[in-house]
Amino acid sequence: MAQINPSILSADFARLAEEAKAVEGADWLHVDVMDNHFVPNLTLGVPVVESLSRATDIPLDCHLMIEEPDRWAPQYVEAGAGSVTFHAEAAAAPVRLAREIRAKGARAAMALKPATPIEPYEDLLPELDMLLVMTVEPGFGGQAFLDIMLPKIRRTRELIARHGLELWLQVDGGVSAETIERCAEAGADVFVAGSAVYGTDDPAAAVRMLRHQADEATAAASWACRH
Ligand SMILES: O=C(CO)[C@H](O)[C@H](O)COP(=O)(O)O
Ligand SMILES: [Fe+2]
């Protein structure tokens with residue numbers, strides 16, 4: 001079944017615990033950590049993740065858009081994150097970092113900005129639990145989905161299948177009722193949605209609707225039949 005991860009970037013930061021409750025039934029809560037260096041925006045850090053992990057039963061999926069993830073990522077595991085994603089463009093030693101995240105007890109994931117190809121990282125895939133293909137330029141919520149990323153999602157799904165891996169394939173940025181089916185058809189199975197969830201009157205219903213759409217599109221997709 002498709003996993004839907006609402007992004008709290010589009011939530012009210014003064015009411016994060018309530019905003020987590022508003023998406024009960026979501027698979028993960030996506031937490032965008034930005035440092036105003038790797039991306040031109042600043043959000044939250046380790047103490048907020050620590051408090052949020054105590055305030056909700058939904059596991060936290062921390063997307064680190066920061067420099068020096070080798071230094072910081074382990075601290076997010078200690079703060080309670082169930083999954084930690086570092087960017088390929090920022091990590092100094094991605095294999096060592098992925099192993100450290102896993103050794104500390106979280107799922108290890110790596111993200112690719114739109115201009116970063118997947119092919120140079122093929123040998124790294126067995127070290128990861130999830131690969132994130134960004135479908136907008138990281139930094140801000142509410143941007144338009146980049147259709148041009150669909151071939152990269154397809155190629156990544158093919159590589160995962162070729163290596164016989166159980167790796168999850170996440171998409172993040174502009175995922176909505178209009179775009180989620182294209183992502184699922186191309187091979188994504190974990191979907192981050194910020195504005196498409198928190199920008200509605202009923203965020204929990206939006207999660208259910210997006211999951212239903214993704215499941216239908218996956219069932220019809222050739223990559224899932226071969227899986
Ligand atoms: O990583 C991100 C931006 O860098 C966010 O997770 C993403 O943009 C979610 O927001 P939306 O669904 O509104 O695009
Ligand atoms: Fe994100």
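The values are calculated or read from the model by the stated rules, or taken from the named source; none is laboratory data. Please read all numbers here as calculations on a predicted model, not as lab measurements. Glycine also receives a Cβ, built like all others from the backbone with ideal geometry; neighbour counts cover every protein chain displayed. Heavy atoms of the whole protein, side chains included, go into the accessibility calculation; ligands, DNA and RNA do not. Shrake-Rupley method; radii C 1.70, N 1.55, O 1.52, S 1.80 Å.
Looking at 142, 105, which is the one that is more than 22 Å from residue 34 (Cα to Cα), small (Gly, Ala, Ser) and surrounded by fewer than 15 Cβ atoms within 10 Å (Cβ to Cβ)?
On the way: 142 fails: more than 22 Å from residue 34 (Cα to Cα).
So the residue among 142, 105 that is more than 22 Å from residue 34 (Cα to Cα), small (Gly, Ala, Ser) and surrounded by fewer than 15 Cβ atoms within 10 Å (Cβ to Cβ) is 105.
Take the residues in the stretch 175-200 that are within 9 Å of ligand 1 (Cβ to nearest atom) and in a loop (DSSP other than H, G, I, E, B), then tell me which one is farthest from the chain's Cα centre (by Cα).
Applying the filter and picking the extreme gives 199.
If I filter the stretch 150-177 down to residues being under 16 Å from residue 191 (Cβ atoms) and small (Gly, Ala, Ser), which single residue comes out as farthest from ligand 2 (Cβ to nearest atom)?
177
Tell me which residues, restricted to the stretch 201-227, are part of a loop (DSSP other than H, G, I, E, B) and either open to solvent by 20 Å² or more (accessible area, probe 1.4 Å) or of a type in the set (Val, Ile, Thr) (or both). Full working, then the answer.
At the first step, the residues of the stretch 201-227 found to be part of a loop (DSSP other than H, G, I, E, B) are 201-202, 220-221, 227.
201, 202, 220, 227 - these are the residues of the stretch 201-227 that are part of a loop (DSSP other than H, G, I, E, B) and either open to solvent by 20 Å² or more (accessible area, probe 1.4 Å) or of a type in the set (Val, Ile, Thr) (or both).
Only one of 111, 161 is open to solvent by less than 20 Å² (accessible area, probe 1.4 Å) and outside any loop (DSSP other than H, G, I, E, B). Can you tell me which?
Details: 161 fails: open to solvent by less than 20 Å² (accessible area, probe 1.4 Å).
The unique qualifying residue is 111.
Tell me whether the stretch 5-24 contains one or more residues that are within 16 Å of ligand 1 (Cβ to nearest atom), aromatic (Phe, Trp, Tyr), out of contact with any helix residue (DSSP H, G or I) (no Cβ under 6 Å at 6 or more places or on another chain) and within 22 Å of residue 149 (Cβ to Cβ).
Going residue by residue through the stretch 5-24, those that are within 16 Å of ligand 1 (Cβ to nearest atom) are 5-13, 16, 19-20, 22-23.
Still in the list and also aromatic (Phe, Trp, Tyr): 13.
The next check asks that each one be out of contact with any helix residue (DSSP H, G or I) (no Cβ under 6 Å at 6 or more places or on another chain); those that pass are 13.
Those left that are additionally within 22 Å of residue 149 (Cβ to Cβ): none.
No, the conditions are met nowhere in the stretch 5-24.
Assuming residue 14 fulfils every condition listed in (1) more than 16 Å from residue 109 (Cβ to Cβ); (2) among the small types (Gly, Ala, Ser); (3) open to solvent by 20 Å² or more (accessible area, probe 1.4 Å); (4) in contact (Cβ under 8 Å) with a residue 12 or more places away in the chain apart from one, which condition is it?
(4)
All but one of (1) touching a Phe, Trp or Tyr at 6+ places or on another chain (Cβ under 6 Å); (2) surrounded by fewer than 20 Cβ atoms within 10 Å (Cβ to Cβ) hold for residue 4, so report the exception by its number.
Every condition holds for residue 4 apart from (2).
Out of 214, 204, which single residue is more than 16 Å from ligand 2 (Cβ to nearest atom) and touching a Gly at 6+ places or on another chain (Cβ under 6 Å)?
204
May I ask you to say which residue of 122, 137 is open to solvent by 60 Å² or more (accessible area, probe 1.4 Å) and outside any strand (DSSP E or B)?
Working: 122 fails: open to solvent by 60 Å² or more (accessible area, probe 1.4 Å).
Criteria check complete, one pass: 137.
State whether one or more residues within the stretch 126-141 are away from ligand 1 (no atom under 16 Å from the Cβ) and more than 16 Å from the chain's Cα centre (by Cα). Spell out how you get there, then give the answer.
Taking the stretch 126-141 as the starting set, the residues that turn out to be away from ligand 1 (no atom under 16 Å from the Cβ) are 126-129.
Narrowing further to those that are more than 16 Å from the chain's Cα centre (by Cα): 126-127.
Taking every residue of the stretch 126-141 in turn, at least one turns out to be away from ligand 1 (no atom under 16 Å from the Cβ) and more than 16 Å from the chain's Cα centre (by Cα).
Go through the stretch 17-35 and give me each residue that's in a helix (DSSP H, G or I) and either on the phi > 0 side of the Ramachandran plot or touching a residue at least 40 places away in the same chain (Cβ under 8 Å) (or both). Write out each step before concluding.
Quick first cut of the stretch 17-35, residues in a helix (DSSP H, G or I) only: 17-21.
Of everything in the stretch 17-35, just one residue is in a helix (DSSP H, G or I) and either on the phi > 0 side of the Ramachandran plot or touching a residue at least 40 places away in the same chain (Cβ under 8 Å) (or both), namely 19.
Counting just the residues of the stretch 39-65 that are outside any strand (DSSP E or B) and within 12 Å of ligand 2 (Cβ to nearest atom), which one comes out least open to solvent (accessible area, probe 1.4 Å)? Walk me through how you get there before you give the answer.
We begin by selecting, within the stretch 39-65, every residue outside any strand (DSSP E or B); these are 39-41, 43-59.
Restricting the remaining residues to those that are within 12 Å of ligand 2 (Cβ to nearest atom) gives 39, 41, 43.
Numbers: 39: 5, 41: 41, 43: 38 Å².
Per the stated criteria, the residue is 39.
Tell me, yes or no, whether the stretch 80-95 has at least one residue that is open to solvent by less than 20 Å² (accessible area, probe 1.4 Å), touching a Cys at 6+ places or on another chain (Cβ under 6 Å), part of a loop (DSSP other than H, G, I, E, B) and in contact (Cβ under 8 Å) with a residue 40 or more places away in the chain.
Yes, the conditions are met somewhere in the stretch 80-95.
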